[in-house]
Every structure is written in structure tokens, then in C-alpha cells.
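Reading through the C-alpha cells given below for one structure.
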Amino acid sequence: MRLDGKVAIVTGAASGFGRGIAATFACEGGRVIVADINGSAAADVAKSLGNGAVAVEADVTRKADVAQMISVAVEVFGGLDILVNNAGYTHKNQSLMTVSEDEFDRIYAVNVKSIYLTTLAAVPAMENRGGGVIINTASTAGVRPRPGLTWYNGSKGAVITLTRSMAAELAPRKIRVNAINPVIGETGMLEQFMGVPDTPENRVKFLSTIPLGRMSTPADIANAALFLAEPSSNFITGVCIEVDGGRCI
């Protein structure tokens with residue numbers, strides 16, 4: 001068991017990449033807080049993972065919700081070792097001129113402010129365990145941005161920069177910080193990223209930009225997160241791993 005005895009929080013864990021990460025961590029012996037703004041869906045996922053998982057309904061843009069999420073990890077499982085900042089939000093693929101201010105604010109609140117809030121709450125809990133691991137879900141959009149998702153691209157660029165700066169600053173506290181950059185994936189936000197209906201015909205232009213010829217899956221991202229979370233990667237910090245089938249080559 002690669003995460004035996006470790007306690008992890010995964011945000012946005014009711015679906016998509018987050019659900020895949022939570023399930024993989026649980027299978028590897030981790031005790032998992034399944035956190036999501038959709039409380040009922042989070043509860044369903046936690047139930048499917050067994051006694052080593054607990055659901056928490058949390059809006060990661062709200063300080064009180066984040067504090068409660070950390071408290072549950074400490075109270076139920078005795079501490080916190082791993083935090084996966086996976087919750088994300090995007091606008092529909094469109095002109096940068098037509099994205100509303102409300103959409104812009106929500107994107108930066110979920111994708112960027114949440115990392116600020118979770119870090120402030122999680123670091124003390126990790127220090128009590130002698131250190132820990134923070135994994136941020138960024139995106140290839142922050143590495144090789146393309147038209148149509150400009151404001152989302154910027155938020156993921158911020159996540160990549162934050163990851164590296166956090167890694168440098170938190171290293172003396174024995175907290176490693178890394179990021180995963182997925183390429184477009186088969187999740188609930190797929191049509192938002194595409195900007196068109198998800199049909200085989202419309203997928204062709206996206207698949208043509210990925211050398212390995214397919215989109216990312218929750219399993220792909222979960223396997224990368226598991227590697228970054230487990231003790232065997234204990235000398236890796238400040239890296240942003242592209243899980244993209246060669247998209248960023």
C-alpha cells in the first residue's frame with residue numbers, strides 16, 4: 001500500500017479527475033476526505049470507497065468551508081498529510097471579450113484563491129505531522145495557452161507559478177508542493193473546454209493536437225497524483241508534470 005496510514009484531502013472529488021484521485025488514494029491505503037461543493041455527490045463517492053473515506057461539502061472559495069474541511073481530517077483521521085487542490089472552474093470556449101465579470105471572478109476564486117485558503121489552513125496541520133504534500137491541478141493551458149480560454153489559461157498559469165513559489169517557501173517546513181498539468185480530458189467540463197457539443201467529429205480537431213491520440217482520463221491524472229503523493233517521491237518538489245500525451249512538446 002503506497003499511501004498506508006496517510007490522510008488526504010481531495011477537493012472537487014465528486015467527479016472527474018478528483019474522483020479518480022480519491023479512489024486511487026483509497027485503494028492504496030490512504031484515508032480520504034472527499035470534498036466537493038456537491039455534498040450529496042461527495043457522499044456517494046465516499047460511500048463507494050468504504051470506511052476509509054469521509055465526505056465533506058465545501059465551497060473552496062469560502063474560508064469557513066475550507067477550515068471545516070481541514071478540521072474534519074484532523075478530527076476523524078487524526079491529521080493531514082496530503083492536500084490535492086483539484087477543484088476547478090472554467091468559462092465556455094469563446095472570445096475573451098464575451099466572458100462576463102461574474103465568470104471571471106468565479107474562475108479566479110475557484111482556481112486560484114482556493115489555493116491561498118487551503119494552504120493557510122492546511123500548513124499548520126501538516127506541520128503537526130512533521131511535513132506533508134500539496135498537489136495542485138493546473139493545466140496544459142497554463143503552459144501552451146490557446147485562444148478561446150484566455151481567462152482560464154491565465155488562472156492556470158497562476159497555479160503553476162504559485163506551485164513553484166510555494167515549493168521554495170514551504171520546503172523548510174518539510175512540505176513538498178507539485179502540480180499536474182492535464183491535457184483536455186473526459187470530464188464533466190469537456191464541452192466547456194471544447195466550446196462545441198462533444199461529438200466524434202468535434203473531437204477530431206482536439207485529438208489531432210495530442211501526439212498519443214487521445215484525451216486524458218481520471219486514471220491518468222490519479223496515477224500522477226499518486227506518484228507525487230507517495231514517499232518514494234520525497235525529493236521531488238516544485239515540479240509541474242504534464243500529463244498530456246505529448247501535447248506540450
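Quick notes
- Filtered residues of the range 16-27 (kept if touching a Ser or Thr at 6+ places or on another chain (Cβ under 7 Å) and surrounded by fewer than 24 Cβ atoms within 10 Å (Cβ to Cβ)): G16
- Of all residues in the range 158-209, those satisfying the criterion of being modelled with pLDDT of 80 or more, within 21 Å of the chain's Cα centre (by Cα), of a type in the set (G, A, S) and outside any strand (DSSP E or B) are A158, S165, A167, A168, A171.
- Candidate set from the range 28-52 (those that are aliphatic (A, V, I, L, M) and over 22 Å from M189 (Cα atoms)); member that is surrounded by the most Cβ atoms within 10 Å (Cβ to Cβ): V32
- Within the range 94-145, tally of residues that are within 16 Å of the chain's Cα centre (by Cα), aliphatic (A, V, I, L, M) and under 20 Å from L226 (Cα atoms): 6
- Selection of first residues in the range 146-158 that are touching a residue at least 60 places away in the same chain (Cβ under 8 Å) and of second residues that are among the β-branched types (V, I, T) and assigned to a loop (DSSP other than H, G, I, E, B), restricted to Cβ pairs under 8 Å at least 6 apart or on distinct chains, gives the following pairs, ordered by first then second residue: W151/V99; Y152/T90.
- Subset of the range 22-45 that is of a type in the set (V, I, T) and touching a Gly at 6+ places or on another chain (Cβ under 9 Å) - its residue that is nearest to G88 (Cα to Cα): I37
- Taking the numbered list (1) farther than 16 Å from I134 by Cβ; (2) touching a Phe, Trp or Tyr at 6+ places or on another chain (Cβ under 9 Å) in turn, L3 passes all entries but (1).
- Annotation note: Cβ proximity below 6 Å between a residue of the range 85-102 that is surrounded by fewer than 16 Cβ atoms within 10 Å (Cβ to Cβ) and a residue that is not charged (D, E, K, R) (sequence gap 6+ or interchain) occurs for L96/T150.
- Residue in the range 3-14 that is assigned to a loop (DSSP other than H, G, I, E, B), surrounded by fewer than 18 Cβ atoms within 10 Å (Cβ to Cβ) and acidic (D, E) present: yes
- Taking the range 169-221 as the range and being in contact (Cβ under 8 Å) with a residue 24 or more places away in the chain, closer than 22 Å to P145 by Cβ and of a type in the set (S, T, Y) as the test, the residues that pass are T187, T209, S216.
- The listed residue being crowded, with 16+ Cβ neighbours inside 10 Å and on the phi > 0 side of the Ramachandran plot, out of G185, G148, G157, G130: G148
- Check on T237, assigned to a loop (DSSP other than H, G, I, E, B) and either closer than 20 Å to G20 by Cβ or over 18 Å from the mean Cα position of the chain (by Cα) (or both): no
- Within the range 138-157, being more than 24 Å from A222 (Cβ to Cβ) and not in a helix (DSSP H, G or I) holds for P145, R146, P147, G148.
- Pairing each residue of the range 1-15 that is over 15 Å from A222 (Cα atoms) and in contact (Cβ under 8 Å) with a residue 40 or more places away in the chain with any residue that is in a strand (DSSP E or B) and not charged (D, E, K, R), provided the two are 6+ apart or on different chains, yields C-beta distances under 9 Å for K6/I82; K6/V133; V7/V32; V7/I33; V7/I82.
- Whichever residue in the range 211-234 is within 18 Å of the chain's Cα centre (by Cα) and not in a helix (DSSP H, G or I) and, among such residues, is nearest to D81 (Cα to Cα): E230
- The range 8-59, residues that are over 17 Å from the mean Cα position of the chain (by Cα) and of a type in the set (V, I, T): V54
- Counted residues, the range 210-249 - those being closer than 14 Å to T137 by Cβ and at pLDDT below 95: 0
The values are calculated or read from the model by the stated rules, or taken from the named source; none is laboratory data. The structure displayed is predicted, hence computed values, not measured ones. With ideal geometry, Cβ positions are generated from the backbone for all residues, glycine too; neighbour counts draw on all protein chains shown.
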